[in-house]
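Before any comments, here is the structure.
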Amino acid sequence: MTAQPDNNKVTIVALVENEPGVLNRIASLFRRRAFNIDSLTVGRTHKPHISRMTIRVDAGQEYAKRIATNLQKLVNVIDVRVLDNEPHVERDLALIKVRNDDANSRNTITEICDRYPARIVDIGPKVAIIEMVGTEAIVEQFIEEVRPTGIVEMIRTGMVSMGRGTRIHDTDFTRHDLAQAIAQARAGGNGHKI
Amino acid sequence: MQLSGAEIIMECLLRESVDVMFGYPGGAILPTYDAMTLYNDRIHHVLVRHEQGASHMADGYARATGDVGVCIATSGPGATNLVTGLATAMMDSSPIVAITGQVPIPAIGSDAFQETDVTGVTLPVTKHNYLVTDVNELAYIMKEAFHIARTGRPGPVLVDVPKDVQIAKTEFIYPEGDIVLPGYSPPSTASQHQIDGALQLISEAERPVILAGHGIMMSGATQELQELAERAQIPVALTLLGKGSMPENHPMVIGMMGMHGEASSNLAIQEADLLIALGMRFDDRVTGNLKTYAQNARKIHIDIDPSEIHKNVRADVGIAGDLKIVLNQLLPKLARKSHPQWMNRIRDWLEDSSERDILNYETPGRLLTAQVINDLWSLTGGDAITVTDVGQHQMLEAQYYPHQRPSTLITSGGLGTMGFGFPAAIGAKFGKPDEEVWAIVGDGGFQMTMCEMATAVQENSNVNIAIINNNFLGMVRQWQELFYEKRYQATPMFNPDFCRLADAFSIPNRCVRQREEIEEAVNFARGIDGPTLIEFVVEKEEMVYPMVPAGADLHDMKRRPKPGEAE
């Protein structure tokens, strides 16, 4: 499922150092520059010292580029990319708790879930939890269909994105390994000993 | 050899060629102050009277020399007192490293005595900051801090060091070679496409203007600027912090731009068909109303900070790069050109301005700030380092003290920090001990940091203080006169007798009330090795003209009436 180009919505992906306070620096930047963002997700990557952020902005390309150049100025932000119209996969995950206390609603929920990439992950006599994964637009469409049966609780992760194909968004960055550097210096390497 | 964190800090400072630091001791930074005793012969510590003074001194030192200025304070109130100075340095891209003590790591987060979340507080007003949690990282962090402070768009970096990290010992290893930070790589060169684009716009322009900012001096591109202006015969308007980027008596320089800029510059910008903005950021004090700003002009914008391009003004050619490098890419292909009609038009505006110049008025019995600054300029041969505070005297300094050399005007432009001038002058003097340094301050701003008189005396700092005393917060009063129907709320000042105050600090002093007394007083101050103070009692209700009211169009200036015209 490829994202449909939405005229104003832009996705920014940033690789950042997995260090204490980095999220705070980014949040502080958004606040003091009065940048309005739709969603921000952050999670680990396959490299323990790198986290990856997906930022969704509902204000067009130029605004997104301004955010990107400001993000890039933060020392702990390693690489920023604005996903313009390049093809990418995007996913949003929602957990939706709905009423499930009569046969009618049970049937409706099952029927809706069958038509979406959604599944019921918990079910009881009164409520059920649905897990729905998809593009932002499809998740929203799903939520509107389920809404009449009675949503009692909901959480969404916000969107995560990844470019398609061989355009790899990664970094060789390794934070200076102190133990290694000190060992090297002891052996007469790249350090100054007194 | 095992060193304590405190000793490592001092060793790192030595390796960064630091020979002076400005600070104030306290509990959480005491281990470092104790380590200082081993380094007093190589690094001089200046004891300030308030930590704000330490940050402004480090800033003044940095601006005068281009090197990193260093200040140091204890945790909690010591660190929070630095904040104004850090914000000032941040806005004007001045390289500072601030070292602060912090409560021991186990106490962090417990509301311990003198504990403040200093990295949190200073996050928005520093280029970067660190909380050191492991003594093994300290040397690396110190090296990174200096690297980040001085490279790219310079700025303040704070290193917060808990007391137990200062005490802990480890083997000291200073990383050699260049710091590599993949998340931090300031731009340097322009692409060929960008250079061609810029050359194209310059060749097509009939009414070009160069806007010269602070970045020219920080990049060391003053020669390149002059060559650009001379070869393509492009007039140069200066920002406040751009003063000194080209000699002001150069025929291509048409004056400062902006709210209190020269009419010639502002009108030229509004009529230009090309702006070449170099190392400046289109601050609102420079542009006035953005909607009507230089509407007919295409724009080339070159700045080292990519986030400045298109921020306030859309550039037709935007180049994120180092000015010296980019101009050297551009100049070999720049054709000679001239714009005689355009220069004639600007010359007419300059002539009109000189007719309105207050110095050409008969003002018997009055002492005006413009006269004080003008006479100070001529008596110092126009060659002193002047460090101003903020307000009317600052704008009049900018108008009446032409600077011929880079980094000879030091002033808080972006943040407009009252209280900056005097401590920054002390810092500048440490950076340039052989130069004549004048702190030009108002009566309001001086009182914010005048405690540093004790510092100046203790250090025998050869700084001359010129207090422009109008017994008012003059610039605020001017706004009240123009926009609040002269309701002078909280602007009249009760002032101490500044000369008797100077006496109490054993600072030689003079009080000047008449223009005829200026020369004797200035010569008196110049002849003394050590701090001096001159109080200039000037007209109470002066105006700074021209003035573009905040948010008004840049050409919509309030002008001083010509002689004979009604005010």
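Just a few scattered comments:
- Relative contact order %, chain B, counting alpha carbon pairs below 8 Å whose residues are six or more apart: 14
- Membrane-span-like helices in chain B, defined here as complete DSSP H runs extending at least 20 Å along the helix axis by their C-alpha atoms with mean Kyte-Doolittle hydropathy no lower than -1.0, are B:51-65, B:77-91; this is a sequence and geometry rule, not a statement about a membrane.
- Spin-label proximity, A:Met162 to region A:126-146 - amide N less than 15 Å from point 7 Å beyond Cα toward beta carbon: A:134-135
- Here B:Glu435 and B:Arg559 are evaluated by their C-beta separation; at R0 = 41 Å the FRET efficiency comes out at 0.70.
- A Förster radius of 45 Å, combined with the Cβ-Cβ distance separating A:Asp122 from A:Phe173, puts the computed FRET efficiency at roughly 0.65.
- Each residue was assigned an accessible area with a 1.4 Å probe, and for B:Ser191 the value is about 50 Å².
- Pairs spanning more than 28 Å between alpha-carbon atoms, out of A:Lys47/B:Lys163; A:Lys47/A:Lys73; A:Lys47/A:Lys97; B:Lys299/B:Lys486; B:Lys127/B:Lys243; B:Lys486/B:Lys562: A:Lys47/B:Lys163; A:Lys47/A:Lys97; B:Lys299/B:Lys486.
- For the pair B:Arg314 and A:Ala103, a Förster radius of 56 Å applied to the C-beta separation gives a FRET efficiency near 0.35, rounded to the nearest 0.05.
- Averaging the sequence gap over all C-alpha pairs within less than 8 Å and six or more residues apart, then dividing by the number of residues, gives region B:141-273 a relative contact order of 18 percent.
- Partner chain coverage, peptide B:172-183 - average Cβ within 10 angstrom: 6
- Dimensionless Rg/Rh of the protein assembly as shown - Kirkwood Rh, Rg from C-alpha atoms: 1.03
- Accessible-area order (highest first, 1.4 angstrom probe) of the listed residues B:Trp349, B:Trp438, B:Trp479: B:Trp479, B:Trp349, B:Trp438
- Residue ranges B:445-456, A:110-121, B:387-398 sort as B:387-398, B:445-456, A:110-121 when ordered by packing (mean number of other C-beta atoms within 10 Å per residue, highest first).
- Summed over qualifying helices (DSSP H, 4 residues or more, each -39500 (n - 2.57)) and divided by its residue number, chain B shows a 222 nm mean residue ellipticity of -10500 deg cm²/dmol.
- Label zone at B:Asp352, where the point sits 7 Å out along the Cα-to-Cβ direction: region B:524-567 residues whose backbone N lies under 17 Å: B:545-549, B:553-566
- Accessible area in the full protein assembly, largest first, 1.4 Å probe, for B:Met91, A:Met132: B:Met91, A:Met132
- Against chain A, whose longest principal axis comes from its Cα atoms, helix A:136-150 is set at around 40 degrees.
- Net charge dipole, chain B: roughly 980 debye, given to the nearest 20, about the Cα centre with Cβ charges of +1 for Lys and Arg and -1 for Asp and Glu.
- Dipole of region B:369-537, positive direction: furthest Cα of B:Gly414, B:Pro496, B:Asn470, with charges on the beta-carbon: B:Gly414
- Equivalent ellipsoid semi-axes - Cα gyration tensor, region A:1-151, angstrom: 36, 17, 14
- For region B:2-171, a simple Cβ point-charge model (Lys and Arg +1, Asp and Glu -1, everything else neutral) yields a dipole of about 400 debye relative to the Cα centre.
- Between the residues B:Thr380, B:Met142, B:Ala168, the greatest Cα displacement towards the positive end of the dipole of chain B, with unit charges on the Cβ of Lys, Arg, Asp and Glu, is found for B:Thr380.
- Region B:58-202 - percent relative contact order, Cα under 8 Å, separation 6 or more: 24
- For chain A, size of Cβ-based charge dipole, Lys and Arg +1, Asp and Glu -1, in debye: 920
- Note on chain B: with neighbouring protein chains present and a 1.4 Å probe, carbon and sulfur make up 49 percent of its accessible heavy-atom surface.
- Evaluating 6.51 cos²θ - 1.76 cosθ + 1.60 at θ = phi - 60° for every residue in region B:462-472, the Karplus couplings come out as 7, 10, 9, 9, 10, 8, 8, 9, 10, 6, 9 Hz, glycine and proline recorded as x.
- Available extension along the chain between B:Gln341 and B:Ala112 is 75.5 nm, counting 0.36 nm per residue and deducting the alpha carbon span.
- 10 Å Cβ neighbours from other chains, averaged over peptide B:120-128: 3
- Counted residue by residue at 0.36 nm each, then reduced by the alpha carbon distance between them, the extension gain from B:Asp178 to B:Ile528 reaches 121.6 nm.
- Chains B and A together bury roughly 2700 Å² of accessible area, counting both sides, with a 1.4 Å probe on protein heavy atoms only.
- Only protein heavy atoms count here; under a 1.4 Å probe, A:Glu131 has an accessible surface of about 40 Å².
- HN-Hα J in Hz across region A:96-109 - Karplus 6.51, -1.76, 1.60, θ = phi - 60°, x for Gly and Pro: 10, 9, 10, 5, 8, 9, 8, 4, 4, 5, 4, 4, 4, 4
- Farthest positive-ward along the protein assembly as shown dipole, Cα basis, beta-carbon charges - from B:Pro423, A:Asn8, B:Met343: A:Asn8
- Karplus 3J(HN,Hα) series, Hz, for region B:116-124 with 6.51 cos²θ - 1.76 cosθ + 1.60 (x for Gly, Pro): 9, 6, 6, 5, x, 4, 8, 3, x
The values are calculated or read from the model by the stated rules, or taken from the named source; none is laboratory data. The model shown is predicted, which means the values in this text are computed figures rather than measured ones. Here Cβ is always computed from backbone atoms with ideal geometry, including for glycine, and neighbour counts include all displayed protein chains. Accessible surface areas use protein heavy atoms only, side chains included; no ligands, DNA or RNA. Shrake-Rupley method; radii C 1.70, N 1.55, O 1.52, S 1.80 Å.
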